[in-house]
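The values are calculated or read from the model by the stated rules, or taken from the named source; none is laboratory data. The structure presented is a predicted model; accordingly, all values stated were derived computationally and were not measured. Every residue, glycine as well, gets a Cβ built from its backbone with ideal geometry; the counts of neighbours run over all protein chains shown. When the accessible area is computed, the model is the full protein with side chains, heavy atoms only, and any ligands, DNA or RNA have been set aside. Shrake-Rupley method; radii C 1.70, N 1.55, O 1.52, S 1.80 Å.
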Amino acid sequence: VRPLILRTASDFLAVLLVVYSIFLLLRGHNDPGGGFIGGLLVTGAFVVYALGHGVAAARRLLRADPRSLIGIGLAVVFLSGCAALFVGRPFLTGLWLDHAVPGIGKVSTVLLFDVGVYVVVLGTVTLILFSVADEEDAP
Amino acid sequence: MTWTILLPFLFSAAAWPLHRVLRDRVGFVLAALPLGLFMWLAGHLPLPLGQVVAQSAAWVPSLDVHFALRLDGLSITFALLITGIGTLVVLYAQGYLKGDPGLGRFYAYLLAFMGAMLGVVLADDLVLLFVFWELTSVCSYLLIGWYHEKEGARSSALRALVVTGAGGLALLGGVILVGIMHARAGAAGADVWRISALASVDLRGDPLYPAALALVLVGAFTKSAQFPFHFWLPSAMTAPTPVSSYLHSATMVKAGIYLLARLHPALGGTPLWHYAVTIGGAVTMVTAAIAAACQTDLKRMLAFSTVSVLGTLVMLLGPGTDECIRAAVILLVAHAMYKAALFMVAGNIDHETGTRDVHALGGLRRWMPLTAAAGVLAALSNAGAPPMFGFLGKELLYTAKLDLARLGHDLVFVAVLANIFLTAVALVVAVWPFFGPRKKTPKEPHEAPWTMLAGPLLLAVASLFVGLASGPFALSLGQEMASVIAGRDVPLELKLWHGLNPEALTVLGLSAVTLGLGFALFLRLRTWLAPLAALHRRAEATWGPPAIYERALSGLSLAAKGTTALLQTGYLRRYLAIVVLGAAAFVLPSLVRGLPAGARDPGVPPTAVDIALGVLILGGAVSAALSRSRLAALAALGATGLGMSLLFALHSAPDLAITQFLVEALSVILLVLVFWKLPPYRGIRSTPRRLGDLALALAGGAVMALLVLIASRDRVEPVVGRWYSDASVPEAKGRNVVNVILVDFRALDTLGEITVVAVAGVGVVALLRGLARRRPEASRPGGES
């Protein structure tokens, strides 16, 4: 049985960490942050939630299988690099939209790349931590 | 011409779906492709002397590699063989593998091979040739291992791949050396790899020439199964017979011959070439001919006799005289035709009676009259009986050797000896099973379906036809091919009867001796050769090349096991020690050497806060090393990590600081999760081990400290750093240089790194699963298993 304070606090902390990680991800190109840091932070959110409610609950909250997240993230990164090929530029050249999108800022393939990194880090670290924790739960 | 190579690959991709729709009729559709290519190629005949069809497109322009193709007398002859025999083999395979659910896959491999082989002979670029060359090895591997549920087929396939693959590596080295020599001899940049440009400069005087030639020869000798690399070919006979007939007698094994012929104008003509090629070929010719007569399996007999003929061809390419080249040209084409036919005959016998053991066969002519006819005709061509095509080849072979001053007189007897054995073998394979008393076979014999008769009959009749009317062949193909090999005009005239002059009569006499002794040997084969056959079996099992190969292979896996046992102890601390020690041993010396040069950056003097943080970091590290409880050690390490991230934050590296902090936090969580499963914390009590660990730790620390010192010293000239910070906003629209480097300037590195991260994650999970599975049976503590 997990303590009430831990359970309640982990709810709030997890939400805060997710929001903050997205903030860090989006501002990463100009200020400290980025996909890797954001990914680590959002992993923290799920880990905190797992400490409060158990790994099974954290898995349900994540919805997607961490292994699928790794695949999706790698695919996003790869495809964001391929976009430049369609306009005749070398693989991984950054392409930018001219106008800023409200709330996100300038949208580009570079941002997409960072989103992919974010998802890969989230998938990998949750995969490891959840697997270790499942071991723990097993009798 | 590009389509000549592309179409087989496209058909290869289509073979499987087509087989799903057409079932056992798919061969008719697929055979249309090589047939069409054959007609298209034949439309270029007669190729007027010296005329070529060439085309080229840049492929890897930065390395001057071109997708260059060229059709001349040499390549068109090979391409006609590949497509012509290919058509018959595709038809044949449909009958041979009738009802096999994998037939579509088989055709996919076979047609991919056809494309690759056409690529080898049409390529006018050394690198392109090499790529196709390797592709044929891969296709051959897949086809030899066709019956992959059998252990023998798998090891034969591996053996062929290892031998030809090793030869391929040697060839790659040779190709690169030839390119270097070519550039040094003054070739224009775009022409460095162009094969047709090689002969225009002199490469033979270059100091690299012997090395380049040796490597190229190893490549050619392994591919064309020359002694002592020949042993993969007989064991490749585990492949289905269409494959043996196509790859392992008519086309792929001739790729080495093709390469020698192709490079002859550029690399040939030196004593080194002359002796290495002639002697290598002659040794192969004799040993393989004798070995062929020692076999009892039809296909293995044919395989060794193929090796012997390949040896003859190699030998003929050595001296470089007109006579030798003429003989090589005729023998090559004649052999491709009769040997493919003989293989198909052997396949028919195997398919319809269920055995390939020559002693278990007899009297089949009444049940398989057409196969028998094809077999006898092809065997006559193989034995060199007039008026078959093979007779012309043998006549030229003996003439060539007679004309050779240096080695010629000895070699002609060697050639006669080899051909006596080959004649006997040909008769054993294609005559013995059809005549004499009928023997009981595993299956009740009956004639093969027409798809399996078309190939051997057509090829055998063609051998007879070309023998009788050799003029058009000589003029349209042979002469042109010989001229390309020689690098000068070589007139070619083929006649069955050379009139009454002493030389012609000598040659005719030798032919008669060959036939007569061969026939005598055929009649007495079993009694005369019993001791030889026993010797051959013992050699293959104990000290011959195949035994050496097997021993090398098992030695390799023993060495791998030993190294693994030495390094992979299963103890994390041992792994860490190896990593740190490795880094120190390889990096430290060069770091120490690099240190004293240049001025040191005085940098900014440390503030009081810096010093305080330094004390915190050091104190954490030392108390972690000294502590006697795991929890205390963890806390101390945490202090070190946090101190470092604060240091990063203070010195304007916020990204680093955040990352370090998050990694620290996640590590702590990870450790908490596994904390109760770790084995009891044992301090190391023995002093020598503590001292050893101390030394290791100091070395590891020294590496990192020196690395940081040198890196910061080079900031005196911050070219790279300034470039990044200057280019960050205008070129990548970002003010955070660290992130811009990660996602834009060095995005490819990041892509690689996150792939590594993902793989590592999957690896951790796999390890945990293995641990969980192992635990029930062995109740060892988790940390040490």
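Within segment B:51-65, does at least one residue satisfy the condition of being open to solvent by less than 10 Å² (accessible area, probe 1.4 Å), of a type outside the set (D, E, K, R), assigned to a strand (DSSP E or B) and more than 18 Å from residue B:333 (Cα to Cα)?
Keep residues of segment B:51-65 that are open to solvent by less than 10 Å² (accessible area, probe 1.4 Å), which gives B:65.
Okay, now just the ones that are also of a type outside the set (D, E, K, R), so B:65.
If we keep only those that are assigned to a strand (DSSP E or B) too, we end up with B:65.
Still in the running and more than 18 Å from residue B:333 (Cα to Cα): B:65.
Yes.
Restricting to segment B:733-773, name every residue that is open to solvent by less than 50 Å² (accessible area, probe 1.4 Å), assigned to a helix (DSSP H, G or I), closer than 15 Å to residue A:94 by Cα and within 9 Å of another protein chain (Cβ to nearest Cβ).
Within segment B:733-773, B:739, B:740, B:743, B:744, B:747, B:750, B:751 qualify.
Does segment B:552-565 contain at least one residue that is within 28 Å of residue B:161 (Cβ to Cβ), under 35 Å from the mean Cα position of the chain (by Cα) and in contact (Cβ under 8 Å) with a residue 12 or more places away in the chain?
yes
With the requirement that a residue be in contact with a Gly (Cβ under 7 Å, 6 or more places away or on another chain) and either without any contact (Cβ under 8 Å) to a residue 60 or more places away in the chain or closer than 17 Å to residue B:96 by Cβ (or both), what does segment B:343-388 give you?
Of everything in segment B:343-388, those that are in contact with a Gly (Cβ under 7 Å, 6 or more places away or on another chain) and either without any contact (Cβ under 8 Å) to a residue 60 or more places away in the chain or closer than 17 Å to residue B:96 by Cβ (or both) turn out to be B:344, B:345.
Restricting attention to segment B:664-678, and to residues there that are of a type outside the set (D, E, K, R) and more than 7 Å from chain A (Cβ to nearest Cβ), which single residue is most open to solvent (accessible area, probe 1.4 Å)?
Ranking the candidates gives B:676 first.
Let me confirm something: among B:678, B:650, B:696, B:646, which residue is within 29 Å of residue A:133 (Cβ to Cβ) and touching a helix residue (DSSP H, G or I) at 6+ places or on another chain (Cβ under 8 Å)?
Details: B:650 fails: within 29 Å of residue A:133 (Cβ to Cβ); B:696 fails: within 29 Å of residue A:133 (Cβ to Cβ); B:646 fails: within 29 Å of residue A:133 (Cβ to Cβ).
None of the others qualify; the one that does is B:678.
Can residue B:323 be described as among the charged types (D, E, K, R), at pLDDT below 90, within 30 Å of residue B:368 (Cα to Cα) and in a helix (DSSP H, G or I)?
Details: among the charged types (D, E, K, R): yes; at pLDDT below 90: yes; within 30 Å of residue B:368 (Cα to Cα): no; in a helix (DSSP H, G or I): yes.
The answer is no for residue B:323.
Need the failing condition index for residue B:143 against (1) in a helix (DSSP H, G or I); (2) modelled with pLDDT under 90; (3) over 30 Å from residue B:488 (Cβ atoms), just the number.
With respect to (1) in a helix (DSSP H, G or I); (2) modelled with pLDDT under 90; (3) over 30 Å from residue B:488 (Cβ atoms), residue B:143 is out only on (2).
Restricting to segment B:118-154, and then to whatever is aromatic (Phe, Trp, Tyr) and more than 17 Å from the chain's Cα centre (by Cα), can you tell me which residue is most open to solvent (accessible area, probe 1.4 Å)?
Among those residues, the one meeting the criterion is B:147.
Considering each residue of segment B:90-113, count those that are open to solvent by less than 10 Å² (accessible area, probe 1.4 Å) and under 16 Å from the mean Cα position of the chain (by Cα), and give that number.
The number of residues fulfilling the criteria is 1.
Regarding residue B:22, is this residue over 17 Å from residue B:78 (Cα atoms), in a helix (DSSP H, G or I) and open to solvent by 80 Å² or more (accessible area, probe 1.4 Å)?
Criteria not met by residue B:22.
Checking residue B:355 against (1) assigned to a helix (DSSP H, G or I); (2) among the hydroxyl-bearing types (Ser, Thr, Tyr); (3) open to solvent by 10 Å² or more (accessible area, probe 1.4 Å), which single condition isn't satisfied?
Of (1) assigned to a helix (DSSP H, G or I); (2) among the hydroxyl-bearing types (Ser, Thr, Tyr); (3) open to solvent by 10 Å² or more (accessible area, probe 1.4 Å), only one is false for residue B:355: (1).
Mind listing whichever residues of segment B:488-507 are open to solvent by less than 60 Å² (accessible area, probe 1.4 Å) and touching a residue at least 60 places away in the same chain (Cβ under 8 Å)?
B:490, B:492, B:494, B:496, B:507, listed by residue number.
Step by step: first the residues of segment B:418-441, then only those that are open to solvent by 10 Å² or more (accessible area, probe 1.4 Å), over 33 Å from the mean Cα position of the chain (by Cα) and not charged (D, E, K, R), then the one that is nearest to residue B:512 (Cα to Cα). Which residue is that?
B:420
Just one of (1) under 13 Å from residue B:583 (Cβ atoms); (2) at pLDDT below 80 trips up residue B:697, so point out which.
Among (1) under 13 Å from residue B:583 (Cβ atoms); (2) at pLDDT below 80, residue B:697 violates only (2).
I need the full set of residues from segment B:634-658 which are in contact (Cβ under 8 Å) with a residue 40 or more places away in the chain and buried (at least 17 other Cβ atoms within 10 Å of the Cβ), in order please.
Selection gives B:655, B:656.
Taking the stated definitions as given, is residue A:9 over 15 Å from the mean Cα position of the chain (by Cα), more than 14 Å from chain B (Cβ to nearest Cβ) and within 20 Å of residue A:128 (Cα to Cα)?
It is false that residue A:9 is over 15 Å from the mean Cα position of the chain (by Cα), more than 14 Å from chain B (Cβ to nearest Cβ) and within 20 Å of residue A:128 (Cα to Cα).
Could you list, in sequence order, all residues of segment B:285-307 that are within 11 Å of residue B:414 (Cβ to Cβ) and surrounded by 24 or more Cβ atoms within 10 Å (Cβ to Cβ)?
Answer for segment B:285-307, where residues must be within 11 Å of residue B:414 (Cβ to Cβ) and surrounded by 24 or more Cβ atoms within 10 Å (Cβ to Cβ): B:285, B:289.
Only one of (1) at pLDDT below 90; (2) not in a loop (DSSP other than H, G, I, E, B); (3) not hydrophobic (A, V, I, L, M, F, W, C) is not met by residue B:371, so which one is it?
All conditions pass for residue B:371, except number (1).
Tell me the residue from B:95, B:99 that is outside any helix (DSSP H, G or I) and modelled with pLDDT under 95, please.
B:99
Does segment B:511-532 contain at least one residue that is out of contact with any helix residue (DSSP H, G or I) (no Cβ under 8 Å at 6 or more places or on another chain) and not in a helix (DSSP H, G or I)?
No: segment B:511-532 contains no residue that is out of contact with any helix residue (DSSP H, G or I) (no Cβ under 8 Å at 6 or more places or on another chain) and not in a helix (DSSP H, G or I).
So that you can scan it fast, the table gives a plain yes or no per residue for (1) within 50 Å of the chain's Cα centre (by Cα); (2) at pLDDT 85 or above:
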{"residue": "B:618", "(1), (2)": "no, yes"}
{"residue": "B:633", "(1), (2)": "no, yes"}
{"residue": "B:636", "(1), (2)": "no, yes"}
{"residue": "B:665", "(1), (2)": "no, yes"}
{"residue": "B:675", "(1), (2)": "no, no"}
{"residue": "B:686", "(1), (2)": "no, no"}
{"residue": "B:703", "(1), (2)": "yes, yes"}
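Every residue in segment B:146-166 that is part of a helix (DSSP H, G or I) and more than 14 Å from residue B:244 (Cβ to Cβ), please.
B:151, B:152, B:154, B:155, B:158, B:159, B:161, B:162, B:163, B:164, B:165, B:166
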